[in-house]
Amino acid sequence: MIPKECKRLAEVDFPIAVVSKHSAREKSIRHGHPSTLHLWWARRPLAACRAMLMALLLPDPCDPLCPVEFKSKAKEALLEVPGWNTPKMNKQLRSEEGLRKALLTFIGDLANWDNSANMDYLSVARSLVTAAHPDETPLVVDPFAGGGSIPLEALRLGCEAFASDLNPVACLILKVMLEDIPRHGPELAEELRRVGKEIKDKAEKELAEFYPEDPDGAKPIAYLWARTVKCESPNCGAEIPLMRSFWLCKKASRKRALRHKVIRAENGPPQVEFEIFEPKMDRDVHGGTVTRAKATCLCCGSVLPPERVRSQLAEKRGGTDAIFDASGSRIGGARMLAVVTLHPKEKGRHYRLPTKHDYKPVWKAQERLNHILEAWEQAGMTVLCPVPDEPLPPIGTLGFRVQRYEMLQWVDLFTARQSVTHACASLLIRNITDERIREVMALCYGHVVTRNSSLCVWRYQADQEKVESVFSRQALPMVWDFGEAIPISEATGSISDSIEIVVRMIERFAPFVSSVGQTLLADACESPIPDCSASAFFTDPPYYDAIPYSDLSDFFFVWLKRILPNHPLMRDPFDSSNVLSPKTREAVQDETKKFNGRWKDRKFFEDTMSIAFQEGRRLLHDEGIGSIVFAHKTTEGWEALLNGSSHGSVLLS
């Protein structure tokens, strides 16, 4: 056991430049990265968590109270690092200063993504942790675990990990990552691939009529849409497609864009038609029709002010869907701009204009959705609605702007075709009998949902052509023109693509964790951990009003609760009447909500943090250490956190 007064490496020095370099590199790594299991906001880099945790758990060899046994075993362990058993290193390790320098160098090297799956490095790291804690395996506790970076790295280093969070979506991510994957290993990936293919095949059969192939054999992989409003200028009345840009693709070898022309009829308002062309220069492409909610008519040039744009879209609950007459002909609402296809014998993506045949499946999907809802109503509405009818957060909630367009329920963020698809897939996944596969498959489907919403934009830049995730940033703003991915295709946003992303993550991560963690849906202010039981309290808490975690997570939660009905994590444990994720106890600054009659203002956040830190001090044993990651941009935020953590010995990192 490390003596209480003995300094840890993190308190005397830290290879911050090296770790920062590896953390920056990690942002560009996607294949096999644990973050690809499921989206969570503001994850800490694994490199930084791994390095900091090592520095917290190891004593400083230069401290007079550092155990002699640790120094001896640390020297032996470091000589097992590939390439380190040299005369020069042996000489360096003879002094305490040299041992300290070697440990800090090793910590910096361990932060390298390549070494996170290198058993030579991991074996040395685990040996060092054991040398520092010979009597018992250190327990690392993170009560704001979120996406799981800290507890995941604790398991990688051979520690025990207890991860809790108040959010059900976070807890499901934690359970799969820290319990299911370590317990079942690569076998879980194999079974996921097998069952996932079965789900995809079944979905393809049930949904094929809504995503038909082209007559020439080309397969659509995305539909590009624009919401529309009517020009209110006298003698015009034309339909204005709300488009941020007319670009379809900006690849140097295959530039494509839309070009419009105005058709003026003798009777009725003018109409806009499009054609696809190959622009020679950027200035050949129209700049768009909407800026800051102001819409410009392509026919007369009049500008529709933001309040009128919002008013018109509000009448159509956001204008997400096309509007059809009784025979299935489009008469308004969202307008399809282009169809993105793949030809079986040609490379690259192709773009074509939509036809009336492309609208027919959309109309059929609306009819199917009506039948689904009618059947649910006739059954007495005794079970959960097949599509998410739960309310969106109130107007004024950080990061949300769609409510002003009368998009008031979560289902309003999805087209009818997307709602039918998600409802169908939810039922298929729900019927998986293996609980562990059902849970991880539910997280896989989160990848599909995040790219199958009317708030997803089409990325047309030179590097990629794809439907972008709805969470390109930590918010859900209004999107004027959007991309609709095809879940039964093989492209981005499909079931197949999502499964493969998670399979690669499991295959890379599973072999390099040595134990199974513990997860719990819990309030950080009421930890279930006994007194004086943890070696490290290491956490990354929320930052005031930076991210509305619970409100954003409901985007996934409303579908997860339909995929996993009666699951112990898919609930609010403190309020059975709450149909969404827990809000009142959440430790964030959110002045649209109250807790025990008190507005959740800045003071509420600071008081809550103080209680959570007191809990952290309670569960630490006398030789334990605490570290709080806090990346607030203001000195006032840091000062408030320091005051809140003054109840215990807390190291801020």
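The values are calculated or read from the model by the stated rules, or taken from the named source; none is laboratory data. Everything quoted here is computed from the prediction, not taken from an experiment. Cβ atoms come from the backbone with ideal geometry, glycine included; neighbour counts cover every protein chain shown.
Observations on the structure shown:
- Residue check for Tyr460: of a type in the set (Ser, Thr, Tyr) and either within 17 Å of Val340 (Cβ to Cβ) or modelled with pLDDT under 95 (or both): yes
- Cβ pairs under 6 Å, 6+ apart, first in the range 395-421 and in contact (Cβ under 8 Å) with a residue 24 or more places away in the chain, second in a strand (DSSP E or B): Gly396/Thr592; Thr397/Thr592; Phe400/Leu476
- Number of the condition not met by Tyr211 [criteria: (1) surrounded by fewer than 20 Cβ atoms within 10 Å (Cβ to Cβ); (2) over 20 Å from the mean Cα position of the chain (by Cα)]: (1)
- Of the residues making up the range 34-67, those that are within 30 Å of Ile495 (Cβ to Cβ) and in contact with a helix residue (DSSP H, G or I) (Cβ under 7 Å, 6 or more places away or on another chain) are Pro34, Thr36, Leu37, His38, Leu39, Trp40, Trp41, Arg43, Arg44, Pro45, Leu46.
- Test result for Leu520, of a type in the set (A, V, I, L, M), touching a strand residue (DSSP E or B) at 6+ places or on another chain (Cβ under 9 Å) and closer than 30 Å to Ser123 by Cα: yes
- Taking the range 531-615 and the strands (runs of 3 or more DSSP E) fully enclosed by it, the elements with 2 or more residues that are of a type in the set (Ser, Thr, Tyr) and at pLDDT 95 or above are at 534-539.
- Considering residues of the range 20-54 that are of a type in the set (D, E, K, R) and under 26 Å from Pro168 (Cα atoms) only, the residue modelled with the lowest pLDDT: Arg30
- Some residue of the range 147-167 being closer than 21 Å to Pro541 by Cα, in a loop (DSSP other than H, G, I, E, B) and of a type in the set (Gly, Ala, Ser): yes
- Test: residue in the range 79-93 that is buried (at least 20 other Cβ atoms within 10 Å of the Cβ), closer than 26 Å to Ser20 by Cβ and in contact (Cβ under 8 Å) with a residue 12 or more places away in the chain: yes
- Among the numbered conditions (1) in a loop (DSSP other than H, G, I, E, B); (2) of a type in the set (Lys, Arg); (3) over 28 Å from Glu206 (Cα atoms), the only one that Arg404 does not meet is (1).
- Scanning the range 97-129 for residues that are without any contact (Cβ under 8 Å) to a residue 60 or more places away in the chain, over 22 Å from Ala510 (Cβ atoms) and not charged (D, E, K, R) returns Gly98, Leu99, Ala102, Phe106.
- Subset of the range 114-133 [surrounded by fewer than 19 Cβ atoms within 10 Å (Cβ to Cβ) and within 17 Å of His22 (Cα to Cα)]: Asp114, Ala117, Asn118
- Take the conditions (1) over 14 Å from Pro61 (Cα atoms); (2) exposed (fewer than 15 other Cβ atoms within 10 Å of the Cβ); Ser23 misses just one of them, which is (2).
- When Glu406 is tested against (1) within 24 Å of Arg256 (Cα to Cα); (2) in contact with a helix residue (DSSP H, G or I) (Cβ under 6 Å, 6 or more places away or on another chain), just one condition goes unmet, and that condition is (1).
- Lone qualifier among Asp120, Asp135 - being at pLDDT below 95, more than 30 Å from Pro582 (Cβ to Cβ) and not hydrophobic (A, V, I, L, M, F, W, C): Asp135
- Selection from the range 1-32 of residues that are of a type in the set (Gly, Ala, Ser) and free of Cβ contacts under 8 Å to residues at least 40 places away in the same chain: Ala17, Ser20, Ala24, Ser28
- The lone criterion from (1) among the charged types (D, E, K, R); (2) in contact with a Leu (Cβ under 8 Å, 6 or more places away or on another chain); (3) assigned to a loop (DSSP other than H, G, I, E, B) left unmet by Arg256 is number (3).
- From the list Val81, Val129, Val124, the one residue that fits, being under 27 Å from Arg44 (Cα atoms), part of a loop (DSSP other than H, G, I, E, B) and not polar (S, T, N, Q), is Val81.
- Among the residues of the range 163-207, the ones that are in contact with a Leu (Cβ under 6 Å, 6 or more places away or on another chain) and surrounded by fewer than 20 Cβ atoms within 10 Å (Cβ to Cβ) come to 1 in all.
- Selected residue [under 25 Å from Arg430 (Cα atoms), in contact with a Leu (Cβ under 7 Å, 6 or more places away or on another chain), in contact (Cβ under 8 Å) with a residue 12 or more places away in the chain and of a type in the set (D, E, K, R)] from Asp554, Asp531: Asp554
- Scanning the range 369-395 for residues that are in a helix (DSSP H, G or I) and not aliphatic (A, V, I, L, M), we see that the one that is nearest to Glu406 (Cα to Cα) is Asn370.
- Pairs with Cβ under 9 Å, 6+ apart, first in the range 57-74 and among the polar types (S, T, N, Q), second outside any loop (DSSP other than H, G, I, E, B) and surrounded by fewer than 23 Cβ atoms within 10 Å (Cβ to Cβ): Ser72/Ala131
Matching residues to (1) under 20 Å from Val229 (Cβ atoms); (2) of a type in the set (Val, Ile, Thr); (3) in contact (Cβ under 8 Å) with a residue 24 or more places away in the chain; (4) surrounded by fewer than 13 Cβ atoms within 10 Å (Cβ to Cβ):
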| site | (1), (2), (3), (4) |
| --- | --- |
| Ile263 | yes, yes, no, yes |
| Gly287 | yes, no, yes, no |
| Cys300 | yes, no, yes, no |
| Gln312 | yes, no, yes, no |
| Ala322 | yes, no, yes, no |
| Ile331 | yes, yes, no, yes |
| Val339 | no, yes, yes, no |
| Arg349 | no, no, yes, no |
| Tyr359 | yes, no, yes, no |
